[in-house]
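Q: Below you will find the structure I want to go over with you.
The values are calculated or read from the model by the stated rules, or taken from the named source; none is laboratory data. The model shown is predicted, which means the values in this text are computed figures rather than measured ones. No Cβ is skipped: glycine too gets one built from the backbone with ideal geometry, and neighbour counts run over all protein chains shown.
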Amino acid sequence: MSAVDARFAGGPIIVDRDNSVLHVDAGLRDNDQEYLAQYLEFMQAANRAKRTIKTHISTLRAFAQRQGVHLAEAQVSHLRRDLAREAISPASKARYRTIFMEFFGFLHAEGVRLDNPAIRLPVIKVPPASPRPYTQEQIDRMLAAGAYRRTRAMILLAAYQGLRVSEIARVHTDDVDVSSGTIKVRGKGGRTDYLPLHSTIRELVPTMNSGWWFPARKGRDGHISGTAVSTLLTRARDRAGIVDKRLTGHSLRHTFATELVRGGANIAAVKELMRHSSLQTTQRYVQVLDEDRREAIAILPGRQIPTRSGRRRDETPTDCVTGTTE
């Protein structure tokens, strides 16, 4: 059954690997659910990640409900008003603008609309984000503050392999090859990578479950969700008495990148371990401390400063703009 046909049987749905379900037509008006179902198929045909599809659909559904407008009839004024809300960050505004551009461009290309109103939206200025890594002392506190075995394993996978919460949730026994020293990671957009296995994670292997390392609870098949991993990491942070709420489960990836660079790793190698598409993205994860700056500047060799120009007294200077002598 296609996503469009499925709406007649209770609405098109997406079921992702985290066992979460999204109803496209929940609370929508008239033909909006049909347009979203067609857009869903468009993204599936483009092999977009299920998480990306969920984000696009839920963002558009929430927009239509907030503004009380049919998606096919939304004007640029509705889009601007939605982006002008004070409760959303610049990064979220930029992400919503991208979604609006693609969706209304899709409706335009399909002949549903005569225009793409999102083209007239302003470009969103997003201040560069600062890295937010945990310190090693904070990680020690998280590991020692009553975290259970599986939560400790999640902390270590993020800090020593740089895994995202969704990737931690999907770790399976078959992914870890101790003999070759590699771990298979199923990442964003269906990408699969084989990363070197850190010695700390190698020691962790015999203590973990056979099959999914973090199986779903309550008798369900499969693994837990990335959201559940994030929640457990946040609880470990709070239990450790770490009050900085900007530190999240994802911040452990910042720690991973920062510690590698501070330890002397080549930034290109760090990019590959982080599985980023560009060095610019990797650099946003790396925190540079004042100590690092001082050490970097100290690398430059010293030089004796001459006390005289070295010119002869009767020599006319040629590098003087005004033509006057010293």
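Q: For segment 131-175, which residues satisfy the criterion of being of a type in the set (S, T, N, Q) and in a helix (DSSP H, G or I)?
A: If the condition is that a residue be of a type in the set (S, T, N, Q) and in a helix (DSSP H, G or I), then GLN136, GLN138, THR151, GLN161, SER166, THR173 are the ones that fit.
Q: If you check ALA169, ALA158, which single one turns out to be surrounded by 15 or more Cβ atoms within 10 Å (Cβ to Cβ), under 18 Å from LEU247 (Cα atoms) and in contact (Cβ under 8 Å) with a residue 40 or more places away in the chain?
A: Selected residue: ALA158, the only one of ALA169, ALA158 that is surrounded by 15 or more Cβ atoms within 10 Å (Cβ to Cβ), under 18 Å from LEU247 (Cα atoms) and in contact (Cβ under 8 Å) with a residue 40 or more places away in the chain.
Q: Would you please name the residue that is nearest to ALA216 (Cα to Cα), looking only at residues in segment 234-272 that are in a helix (DSSP H, G or I) and of a type in the set (Val, Ile, Thr)?
A: Selected residue: THR234.
Q: Taking ARG294 and the conditions (1) in a helix (DSSP H, G or I); (2) modelled with pLDDT of 90 or more; (3) loosely packed, with under 10 Cβ neighbours inside 10 Å, which numbered condition does it fall short on, given that it satisfies the others?
A: Unmet for ARG294, out of (1) in a helix (DSSP H, G or I); (2) modelled with pLDDT of 90 or more; (3) loosely packed, with under 10 Cβ neighbours inside 10 Å: (2).
Residue-by-condition table, conditions (1) in contact with a helix residue (DSSP H, G or I) (Cβ under 9 Å, 6 or more places away or on another chain); (2) crowded, with 17+ Cβ neighbours inside 10 Å; (3) modelled with pLDDT under 95:
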{"site": "ALA46", "(1), (2), (3)": "no, no, yes"}
{"site": "ARG66", "(1), (2), (3)": "yes, no, yes"}
{"site": "VAL69", "(1), (2), (3)": "yes, yes, yes"}
{"site": "SER77", "(1), (2), (3)": "yes, no, no"}
{"site": "ARG81", "(1), (2), (3)": "yes, no, no"}
{"site": "GLU86", "(1), (2), (3)": "no, no, yes"}
{"site": "PHE103", "(1), (2), (3)": "yes, yes, no"}
{"site": "LEU107", "(1), (2), (3)": "yes, yes, no"}
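Q: Now a separate question. Considering ARG97, ARG164, which residue is free of Cβ contacts under 8 Å to residues at least 40 places away in the same chain, surrounded by 14 or more Cβ atoms within 10 Å (Cβ to Cβ) and of a type in the set (D, E, K, R)?
A: Just one listed residue meets the conditions, ARG97.
Q: Those residues that are surrounded by fewer than 21 Cβ atoms within 10 Å (Cβ to Cβ) and either within 15 Å of GLN136 (Cβ to Cβ) or among the β-branched types (Val, Ile, Thr) (or both), I need them from segment 260-280; list them, please.
A: Selection gives LEU260, VAL261, ARG262, GLY263, ILE267.
Q: Return only the number of the condition from (1) in contact (Cβ under 8 Å) with a residue 40 or more places away in the chain; (2) touching a Phe, Trp or Tyr at 6+ places or on another chain (Cβ under 7 Å); (3) within 28 Å of THR231 (Cα to Cα) that ALA118 does not satisfy.
A: (3)
Q: Looking at (1) more than 23 Å from THR281 (Cβ to Cβ); (2) exposed (fewer than 13 other Cβ atoms within 10 Å of the Cβ); (3) touching a residue at least 12 places away in the same chain (Cβ under 8 Å), can you tell me which one LYS125 breaks?
A: All conditions pass for LYS125, except number (1).
Q: Here's something else I'd like to know. Any residue at all in segment 221-233 that is assigned to a loop (DSSP other than H, G, I, E, B), in contact (Cβ under 8 Å) with a residue 24 or more places away in the chain and not β-branched (Val, Ile, Thr)?
A: Taking every residue of segment 221-233 in turn, at least one turns out to be assigned to a loop (DSSP other than H, G, I, E, B), in contact (Cβ under 8 Å) with a residue 24 or more places away in the chain and not β-branched (Val, Ile, Thr).
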